[in-house]
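These notes are about the structure you will find just below.
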Amino acid sequence: MLEDTIKAVKDAENKAEDALKQAQDEAKAIVTHAEMDAATNKERSIQEAKEAAQAKKTQSEADGAVYLEKSMNEIRGEISALKEAAGQKEKEAVEAIISNLI
């Protein structure tokens, strides 16, 4: 009877050790899986951030090109107006000089 009790205790200890080892293995697997998920999520987040930054950069460059073209057209218009005004003033100056000579 004592032998049966000792055997039962040893069996219980063995089962407990097996359960503990299984729990430790499962815990390690869960941690490993979580670490891999975290690394994957980190890489995905970094990639998404890079793509978003690139999209914003591309949009900013396009907006800048549009603004530059608009500004250049305004400047061209001002230059044209100034040339026309200068031509008119030149004509008036020539007429004034001629009229003073006559």
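At a glance:
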quantity: Any hit, the stretch 31-38, residues being part of a helix (DSSP H, G or I) and within 22 Å of the chain's Cα centre (by Cα); calculated: yes
quantity: Residue check, residue 3 part of a helix (DSSP H, G or I), surrounded by fewer than 10 Cβ atoms within 10 Å (Cβ to Cβ) and acidic (Asp, Glu); calculated: yes
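A short reminder: the numbers here are calculations on the coordinates, not readings from a lab. Keep in mind the model is a prediction, meaning the values are calculated, not measured. So basically every Cβ, Gly included, is an ideal-geometry build from the backbone, and we count neighbours across all protein chains shown.
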